[in-house]
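For reference, the structure is listed below as structure tokens.
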Amino acid sequence: MNEVILIGPVGVGKTTTAKLLSKALNLPLVSMDDLRLSYYKEIGYNDEHMLELKKINGQKAVEQYWSIFDPHSIERILADHQNCVFDFGGGTTVCEYEYNFERMESALKPYPNVVLLIPSEDKKESLETIYERKNVKPDGFTMLEYFVYNDAHYRLAKHVVLVKDKSPEQVCDEVLALTQH
């Protein structure tokens with residue numbers, strides 16, 4: 001399998017790294033963010049319901065609603081695309097429910113090149129790095145914190161690349177060195 005699947009929280013450089021990998025490997029780039037809503041809608045996702053959740057309970061409720069559909073979107077994107085570089089969205093592999101995690105794990109099991117990009121082994125340092133990169137000042141609990149501290153993408157990854165203080169080219173080279181082609 002030639003596929004490289006990049007996972008990790010928002011702000012770690014998945015999109016930039018995926019573009020570099022796509023070029024280096026001469027493989028197409030497929031972005032989950034471009035496709036996930038169409039996959040969600042296949043199994044009942046509703047925009048109006050999502051907006052109502054956001055209005056009443058905020059962004060975390062939206063992320064929890066989306067997480068219902070994420071296992072399906074992972075299964076579908078992998079079925080629809082082969083021999084490519086995947087840029088999974090920052091929240092795609094974050095889940096709170098073991099059933100959803102098991103579906104994701106099962107879908108990704110055949111793929112040896114599932115790579116978590118994260119700034120540091122230390123979650124607090126990773127979060128601070130992402131805040132800095134995104135020029136965000138935390139004010140209480142944030143979705144970035146939810147993405148960094150959720151263990152699902154750590155458990156799904158077959159390789160981890162620490163990205164803090166590395167150029168996109170260095171991250172790309174490290175992913176290439178770790179993965180099978």
Neighbours by Cβ (under 6 Å, 6+ apart or cross-chain): first from the range 1-15, in contact (Cβ under 8 Å) with a residue 40 or more places away in the chain; second in a helix (DSSP H, G or I) and of a type in the set (D, E, K, R): Leu6/Lys14; Gly8/Lys14; Gly11/Arg133; Gly11/Lys134
Test: Ala61 is part of a helix (DSSP H, G or I), at pLDDT below 95 and among the aliphatic types (A, V, I, L, M): yes
Meets criteria (within 20 Å of Leu6 (Cα to Cα), out of contact with any Phe, Trp or Tyr (no Cβ under 8 Å at 6 or more places or on another chain) and assigned to a strand (DSSP E or B)) for Phe86: yes
Members of the range 5-55 found to be outside any loop (DSSP other than H, G, I, E, B) and touching a His at 6+ places or on another chain (Cβ under 8 Å), listed by number: Ile7, Leu25, Val30, Tyr39, Tyr40, Glu42
Members of the range 64-80 found to be of a type in the set (Ser, Thr, Tyr) and modelled with pLDDT under 95, listed by number: Tyr65, Ser67
Residue match in the range 35-43 (condition: closer than 24 Å to Ser126 by Cα, without any contact (Cβ under 8 Å) to a residue 40 or more places away in the chain and not hydrophobic (A, V, I, L, M, F, W, C)): no
Selected residue [exposed (fewer than 15 other Cβ atoms within 10 Å of the Cβ) and over 16 Å from Ala18 (Cα atoms)] from Glu121, Glu145, Glu128: Glu121
Unique residue being buried (at least 17 other Cβ atoms within 10 Å of the Cβ), out of contact with any Cys (no Cβ under 6 Å at 6 or more places or on another chain), basic (Lys, Arg) and farther than 20 Å from Met32 by Cα when the list is Lys134, Lys164: Lys164
Among the candidates Asn26, Asn57, Asn83, residue that is over 25 Å from Leu144 (Cα atoms) and either free of Cβ contacts under 8 Å to residues at least 24 places away in the same chain or surrounded by 22 or more Cβ atoms within 10 Å (Cβ to Cβ) (or both): Asn26
The range 89-108, subset assigned to a loop (DSSP other than H, G, I, E, B) and among the hydrophobic types (A, V, I, L, M, F, W, C), residue nearest to Thr15 (Cα to Cα): Val94
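The values are calculated or read from the model by the stated rules, or taken from the named source; none is laboratory data. These numbers were taken from a predicted model, which means no experiment stands behind them. Methodologically, a virtual Cβ is constructed for each residue, glycine included, from the backbone with ideal geometry; neighbour enumeration extends over all protein chains shown.
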